[in-house]
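Comments concern the structure below.
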Amino acid sequence: MITAKEIMIHATPTLPFDTSVEDAVEFMKSNPHHFAAVMASEDRYHGVLTEAGMVRTYLRYQSKPARDVLIHYRDLLEPAQLIQQNEIFPEIVKKIMTAVGNRVFVIDDSGKAIGHITAKDILPMFSKFGKSKHPTSATEELRSELYLYESFFEKSPFMMHSVDHKGNILMANEMLHAMLGYPYGELIGRTIFDLYPKEVHELAEKGIKTIFAKGFHKVVKSSMLHKNGSKVEVELMSRALHDQKDQPIGTITVSRPLDMEYLVQCLTQV
């Protein structure tokens, strides 16, 4: 099966976090990739600077010229979605299609950034698979996995999301977005602190540690935070997601509102 390392583009555009706004403008003017990863080191991302983000940064910089380096405008960066170099094609597609900007940055086993993949980069793979004359090969398995992902995760009548060990939201399905009042895709790149009210933040952090240590978390009742600030009472259960080496790389949480009438109401929105 094709891996991220085999597909990735090696020449990933990057900018140090202390790059001046003026220098960043010059860089982006001639940057063919239309984005740049803003980094503190080879294994630490601050976010992704896009062309539109560059425009917003420069406009804000004009009113406060003393704030002349990129790190001062971190809130205008898009979150960076990371993927391990050995992750296989179905996982690559899942992460690209749920990542802000539909791009992922490939890291090696030490966490060092070594390349990137965008939606455009996986299109040739679909063409290749579509011409396959061996329906019982890995191609058919790939099709089945991707269809299952689309049908089960995205269209599930229950709320589903996945986070990494730091609590960053890696994936969130349509129902979770609808239940919490967000346009689809807006939760990707946020954190568990956007999902849960302040009084349960500590419990949520402990829950993630439990999942990574034990592989699961028992069914619990809690509250999630609607975008308008109201609370949605829920029941949820979590378990760990593992990579091909059986190492925990994230969580999967399935939840439902205690008010089933609200669930039915939201079903009409997805």
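The values are calculated or read from the model by the stated rules, or taken from the named source; none is laboratory data. Quick caveat, the model's predicted, so the values are computed rather than measured. Cβ coordinates were reconstructed from backbone atoms using ideal geometry, including for glycine residues, and neighbour counts include every protein chain displayed. What goes into the accessible areas is simple: the full protein's heavy atoms, side chains included, and nothing from ligands, DNA or RNA. Shrake-Rupley method; radii C 1.70, N 1.55, O 1.52, S 1.80 Å.
Odds and ends about this structure:
- Extreme residue, modelled with the highest pLDDT, among residues of region 90-112 that are within 18 Å of Thr50 (Cα to Cα) and touching an Asp or Glu at 6+ places or on another chain (Cβ under 6 Å): Gly101
- Identity of the residue in region 1-32, within 26 Å of Asp108 (Cα to Cα) and in a strand (DSSP E or B), that ends up modelled with the lowest pLDDT: Thr3
- Scanning region 98-124 for residues that are under 16 Å from the mean Cα position of the chain (by Cα) and in a helix (DSSP H, G or I) yields Thr98, Ala119.
- Any hit, region 53-74, residues being assigned to a loop (DSSP other than H, G, I, E, B), aliphatic (A, V, I, L, M) and either open to solvent by 50 Å² or more (accessible area, probe 1.4 Å) or farther than 17 Å from Ser162 by Cβ (or both): yes
- Qualifying residue in region 202-220 (condition: over 17 Å from Ile252 (Cβ atoms), surrounded by 15 or more Cβ atoms within 10 Å (Cβ to Cβ) and of a type outside the set (Asp, Glu)): no
- Qualifying residues in region 44-67 (those that are aliphatic (A, V, I, L, M) and over 22 Å from Ile107 (Cβ atoms)) - the one modelled with the lowest pLDDT: Ala52
- Among residues that are buried (at least 16 other Cβ atoms within 10 Å of the Cβ), in contact with a helix residue (DSSP H, G or I) (Cβ under 8 Å, 6 or more places away or on another chain), aromatic (Phe, Trp, Tyr) and closer than 15 Å to Pro257 by Cβ, Tyr184 is not included.
- Of all residues making up region 75-87, the number that are open to solvent by 30 Å² or more (accessible area, probe 1.4 Å), under 18 Å from Thr14 (Cβ atoms) and part of a strand (DSSP E or B): 2
- Where Glu6 falls short, out of the listed (1) free of Cβ contacts under 8 Å to residues at least 12 places away in the same chain; (2) of a type in the set (Asp, Glu); (3) in contact with an Asp or Glu (Cβ under 8 Å, 6 or more places away or on another chain): (3)
- In a residue-by-residue description of region 241-263, the property of being more than 17 Å from Ser156 (Cα to Cα), open to solvent by 60 Å² or more (accessible area, probe 1.4 Å) and modelled with pLDDT of 90 or more applies to no position.
- Number of residues in region 19-53 that are more than 20 Å from Lys120 (Cβ to Cβ) and hydrophobic (A, V, I, L, M, F, W, C): the value is 7.
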